[in-house]
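Have a look at the structure below, then the notes.
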Amino acid sequence: MKIGFYATGSATSSHQDLMNQIRYADEEGFDSVWLRERHFHPDHHGRNFFSSPFVAASYISNITKRIRIGIGARLLPLDHPIHIAEGAATVDIISNGRLDLGIARIGENELYQNAFGIEAGETRDRFEQSFEVIIKAWTEERFSYDGFYKLSEVSVHPKPVQKPHPPMYLVGISPETLRFGAKQGLPLLLAGAQTATIVKKTLETYRQILKEMRYKQENVVHPVNRFIYVAETNKKAIEETKEAIMGFIHRASSAIGNFLFLPKEKVTYDLLFKEVCIFGDPDYCLRRIEEMKNIIDLRYLILTFNYFTVCHEKCLKSMELFTKYVMPHLKKSSALTASDCL
Amino acid sequence: MKFGLFIMGTQSGSYHDILEQVEYAEELGFDTVVLGERHFSHGDLLYPSPFSIAAAFAARTTRIRIGMAARVLSLDHPLHIAEDAATLDVLSGGRLDFGATRASLDEESHIVFQSPLDESRCRLKEALEVIVKAWTEEQFSYEGLYYKIPEVSVYPKPTQKPHPPISVVAVSHETLIFAAEKGYSAVIGAIRSIPELKETAESYWRVSQEACHNGANVELIINRFIYVSDTYEKACREIEGPFMDFINNRAPDLKAALISKYGTEENFSFDRFVNDFCLFGSPETVTSRINELVNNVGLSNLLCSLNLITLEHKLCMKSMELFAKDVMPNFHRGN
């Protein structure tokens with residue numbers, strides 16, 4: 001099984017602490033680190049670190065040696081696809097071909113659309129067209145395009161190192177977005193704030209569409225994001241996460257509710273503990289992951305150790321317990337390599 | 001005197017060579033490494049995503065400042081630019097010198113990014129207002145002709161307070177005056193002769209004073225092509241071919257500017273360029289040429305174009321080394 005580290009950041013620690021968590025993930029054998037794109041968000045105590053994921057990714061590629069760097073995800077309609085293609089190619093070169101690019105339509109936020117001057121009704125077309133332009137920019141020496149983006153015989157440089165281009169992932173929940181992603185044969189990155197039941201259902205639907213599109217769906221590895229906290233005992237894990245995860249849920253934007261298909265007030269710790277998060281001692285966490293593996297054919301797990309609300313020291317401690325006592329068991333079953341993804 | 005190294009690119013076009021130059025620049029004691037923004041294939045520069053590569057500079061160095069000359073503000077949304085810049089400032093521990101320019105050197109970028117050139121002056125002004133607000137205000141909204149932003153709080157905030165230093169590339173007189181009035185430093189291109197620079201400096205400082213900017217925080221940053229070798233003759237022998245190739249074939253915008261300066265391409269000559277604006281020669285010659293700028297123009301911040309994309313990486317590294325070891329120590333370095 002491949003294991004990723006979802007870098008979120010912490011309310012009480014610095015950006016350098018976050019970089020140290022990433023260094024640790026690189027040294028301890030995590031396969032990937034994932035960043036996201038978020039704008040504004042005063043609710044994260046001003047520690048939103050992810051408004052410029054490519055800038056952060058380029059920095060991270062220079063303080064790590066082997067770990068892949070995923071963006072989960074760039075919000076395509078908010079930026080010009082040429083900027084995204086150029087930025088991604090730059091990071092791919094700087095990192096010696098370690099970029100994985102996730103894409104998303106926009107999701108939750110009207111404020112994003114208003115701030116960046118995008119009409120709400122345009123986001124789907126922009127998303128789909130932007131995807132096409134990015135692929136062309138990476139793979140064609142010269143091309144033209146006529147849509148929201150009007151391009152006449154442009155030649156975009158530099159080209160990424162990975163050929164034909166960096167692996168791409170879809171982040172999304174709406175049926176239209178899922179259909180679009182499956183049509184392109186993209187792996188689906190499933191968000192952390194989804195119940196196991198929803199993850200299972202979404203994956204079934206997605207795999208079915210992939211099959212209909214005649215992709216070898218069994219070769220497409222879908223990363224699943226989960227919140228995790230490993231402590232010495234289950235009791236301690238519960239004690240140390242209760243406030244943290246509920247604080248995160250309450251502060252986080254309405255996206256959480258969307259992903260859970262539940263109004264925010266119905267999201268209880270009990271529900272999260274049973275259906276969403278992996279909180280416990282190493283044995284318990286391992287068992288939960290093995291369970292998921294069996295139910296949804298889990299081959300790529302991206303773990304969020306920090307939800308803005310866990311302090312740096314506890315986060316590192318939980319990562320340490322995970323790498324020492326849980327990861328070795330999961331790595332044993334690893335059989336797939338990156339090239340199997342697409 | 002401050003010395004910045006303008007990282008134009010390398011003959012191989014390799015980002016890894018550039019990273020090597022940047023690490024070497026820090027080791028040699030340059031104050032700043034500076035890079036520009038350039039999209040598509042238009043010859044000279046190769047940074048369509050300057051903040052992304054600058055983040056790699058930040059990770060590889062600990063002391064040197066990282067400058068932009070410059071982000072083309074009209075080609076991107078100012079909130080993206082503010083976020084990119086602040087992220088870089090945080091990651092580099094407050095080492096960003098933010099630089100803005102009104103327009104791209106090629107028209108194609110303005111067509112692609114649907115930002116007409118004739119809007120770029122107003123966009124520059126609005127974008128700088130938005131960027132400074134995004135960096136310094138907890139919450140703000142903005143209502144301009146081109147940018148309309150509802151109430152937002154932009155994160156991260158830069159490490160430098162109140163915000164990173166700002167410079168504006170001043171190609172036109174109008175932009176020079178804009179920079180002086182607003183209290184921004186100005187970056188002056190590489191092909192102006194000393195009499196022209198004198199005039200530029202006089203205008204800038206006069207307007208800056210009238211606008212009550214005390215001058216302590218603003219600078220006139222002057223760009224020069226520089227090449228140093230053991231002797232003047234050797235320097236000219238080594239650089240003439242690559243430099244003329246650069247002008248004639250790899251830098252269309254610079255070529256156009258030189259044609260308007262010299263009337264026609266027929267008037268181009270290497271000797272003339274060396275006489276008028278290039279600092280090529282032995283460490284002694286280059287030192288005295290810099291002193292000429294100090295005495296006539298009050299030069300205090302020199303942006304050195306020491307590498308051309310037509311110049312072999314090895315020669316470039318050698319010239320950087322001679323410049324740093326035998327020219328820079330002849331000047332008082334301040335803090």
Review point. Looking at the stretch B:130-158, which of the residues that are within 10 Å of B:PRO78 (Cβ to Cβ), of a type in the set (Ser, Thr, Tyr) and open to solvent by less than 40 Å² (accessible area, probe 1.4 Å) is farthest from the other protein chains (Cβ to nearest Cβ)?
Key: B:TYR142
Study note, to complete from the structure: When restricted to B:SER172, B:SER167, the only residue farther than 26 Å from B:VAL286 by Cβ and either among the polar types (S, T, N, Q) or modelled with pLDDT under 95 (or both) is B:SER172
Revision key, fill the gap. Taking first residues from the stretch B:114-134 that are within 20 Å of B:HIS39 (Cβ to Cβ) and second residues anywhere that are of a type in the set (Ser, Thr, Tyr) and surrounded by fewer than 21 Cβ atoms within 10 Å (Cβ to Cβ), the pairs with Cβ under 6 Å that are 6 or more apart or on different chains are B:ARG123/B:TYR146
Check your understanding: For B:ILE64, which of the numbered conditions (1) within 29 Å of A:PHE143 (Cα to Cα); (2) open to solvent by less than 10 Å² (accessible area, probe 1.4 Å) fails to hold?
Key -> (1)
Review point. Looking at the stretch A:95-111, which of the residues that are within 12 Å of chain B (Cβ to nearest Cβ) and at pLDDT 95 or above is farthest from the chain's Cα centre (by Cα)?
Key: A:ASN96
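Which is in a helix (DSSP H, G or I), open to solvent by less than 10 Å² (accessible area, probe 1.4 Å) and touching a Pro at 6+ places or on another chain (Cβ under 9 Å), of B:ALA25, B:ALA56, B:ALA85?
So the residue among B:ALA25, B:ALA56, B:ALA85 that is in a helix (DSSP H, G or I), open to solvent by less than 10 Å² (accessible area, probe 1.4 Å) and touching a Pro at 6+ places or on another chain (Cβ under 9 Å) is B:ALA85.
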Point to revise | Residue tally, condition touching a strand residue (DSSP E or B) at 6+ places or on another chain (Cβ under 8 Å) and of a type in the set (Asp, Glu), over the stretch B:170-224 | key: 1
Review point. For residues in the stretch A:225-237 being out of contact with any helix residue (DSSP H, G or I) (no Cβ under 6 Å at 6 or more places or on another chain) and closer than 20 Å to A:GLU291 by Cα, which is most open to solvent (accessible area, probe 1.4 Å)?
Key: A:THR233
Review point. Looking at (1) open to solvent by 10 Å² or more (accessible area, probe 1.4 Å); (2) away from every other protein chain (no Cβ under 12 Å); (3) of a type in the set (A, V, I, L, M), can you tell me which one B:ALA100 breaks?
Key: (1)
Review point. Looking only at the stretch B:278-335, which residues are hydroxyl-bearing (Ser, Thr, Tyr) and in a helix (DSSP H, G or I)?
Key: B:THR285, B:THR287, B:SER288, B:SER319
Check your understanding: within 16 Å of A:ARG23 (Cβ to Cβ) and crowded, with 20+ Cβ neighbours inside 10 Å, is that true of A:MET327?
Key -> no
Check your understanding: Quick one: is A:VAL133 at the interface with another protein chain (Cβ under 9 Å from one of its Cβ atoms) and open to solvent by less than 30 Å² (accessible area, probe 1.4 Å)?
Key -> no
Practice item. For residues that are touching a Gly at 6+ places or on another chain (Cβ under 6 Å) and within 12 Å of chain A (Cβ to nearest Cβ), tally how many sit in the stretch B:106-126. Key: 0
Review point. In the stretch A:163-204, what residues are buried (at least 21 other Cβ atoms within 10 Å of the Cβ), more than 20 Å from A:TRP138 (Cα to Cα) and among the aliphatic types (A, V, I, L, M)?
Key: A:VAL171, A:ALA182, A:LEU188, A:LEU189, A:LEU190, A:ALA191, A:ALA193, A:VAL199
Point to revise | Given (1) in contact (Cβ under 8 Å) with a residue 40 or more places away in the chain; (2) under 18 Å from B:PHE51 (Cα atoms); (3) open to solvent by less than 20 Å² (accessible area, probe 1.4 Å), index of the condition A:PHE40 fails | key: (2)
Check your understanding: Quick one: would you say A:ILE69 is open to solvent by less than 10 Å² (accessible area, probe 1.4 Å), hydrophobic (A, V, I, L, M, F, W, C) and more than 10 Å from chain B (Cβ to nearest Cβ)?
Key -> yes
Check your understanding: Do we have any residue at all in the stretch A:73-83 that's more than 10 Å from every other protein chain (Cβ to nearest Cβ), more than 24 Å from A:ASP125 (Cβ to Cβ) and crowded, with 24+ Cβ neighbours inside 10 Å?
Key -> no
Study note, to complete from the structure: Note on the stretch B:59-82: residues more than 7 Å from every other protein chain (Cβ to nearest Cβ) and either assigned to a helix (DSSP H, G or I) or within 27 Å of B:SER141 (Cα to Cα) (or both) are B:MET68, B:ALA70, B:ARG71, B:VAL72, B:LEU73, B:SER74, B:LEU75, B:PRO78, B:ILE81, B:ALA82
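Taking the options A:GLU313, A:GLU320, A:GLU275, A:GLU243, name whichever one is more than 20 Å from A:ALA25 (Cβ to Cβ) and open to solvent by 60 Å² or more (accessible area, probe 1.4 Å).
Matching residue, one of A:GLU313, A:GLU320, A:GLU275, A:GLU243: A:GLU243.
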**Study point:** From A:LEU286, A:LEU342, A:LEU303, residue being closer than 28 Å to A:ARG38 by Cβ and modelled with pLDDT of 95 or more
**Key:** A:LEU303
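Does the stretch A:57-66 include one or more residues that are surrounded by fewer than 23 Cβ atoms within 10 Å (Cβ to Cβ), more than 9 Å from every other protein chain (Cβ to nearest Cβ) and at pLDDT below 90? Even if it seems obvious, please write down each step before you answer.
Start the filter on the stretch A:57-66 by keeping residues that are surrounded by fewer than 23 Cβ atoms within 10 Å (Cβ to Cβ), which leaves A:62-66.
Those left that are additionally more than 9 Å from every other protein chain (Cβ to nearest Cβ): A:64-66.
Okay, now just the ones that are also at pLDDT below 90, so none.
Checked against the condition, which is being surrounded by fewer than 23 Cβ atoms within 10 Å (Cβ to Cβ), more than 9 Å from every other protein chain (Cβ to nearest Cβ) and at pLDDT below 90, the stretch A:57-66 yields no hits at all.
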Point to revise | Test for A:PHE50: is it within 14 Å of chain B (Cβ to nearest Cβ), touching a Ser or Thr at 6+ places or on another chain (Cβ under 9 Å) and not β-branched (Val, Ile, Thr) | key: yes
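A quick yes/no check of all residues on (1) without any contact (Cβ under 8 Å) to a residue 60 or more places away in the chain; (2) among the small types (Gly, Ala, Ser); (3) open to solvent by 20 Å² or more (accessible area, probe 1.4 Å):
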| residue | (1), (2), (3) |
| --- | --- |
| B:ALA216 | yes, yes, yes |
| B:PHE225 | no, no, no |
| B:VAL228 | no, no, no |
| B:ALA256 | yes, yes, yes |
| B:SER282 | yes, yes, no |
| B:VAL286 | no, no, no |
| B:ARG289 | yes, no, yes |
**Study point:** Residue identified as in contact with a His (Cβ under 7 Å, 6 or more places away or on another chain), at the interface with chain B (Cβ under 9 Å from one of its Cβ atoms) and not hydroxyl-bearing (Ser, Thr, Tyr) among A:PHE116, A:PHE40
**Key:** A:PHE116
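The values are calculated or read from the model by the stated rules, or taken from the named source; none is laboratory data. Keep in mind the model is a prediction, meaning the values are calculated, not measured. So basically every Cβ, Gly included, is an ideal-geometry build from the backbone, and we count neighbours across all protein chains shown. Surface areas here come from the heavy atoms of the whole protein model, side chains and all, with no ligands, DNA or RNA. Shrake-Rupley method; radii C 1.70, N 1.55, O 1.52, S 1.80 Å.
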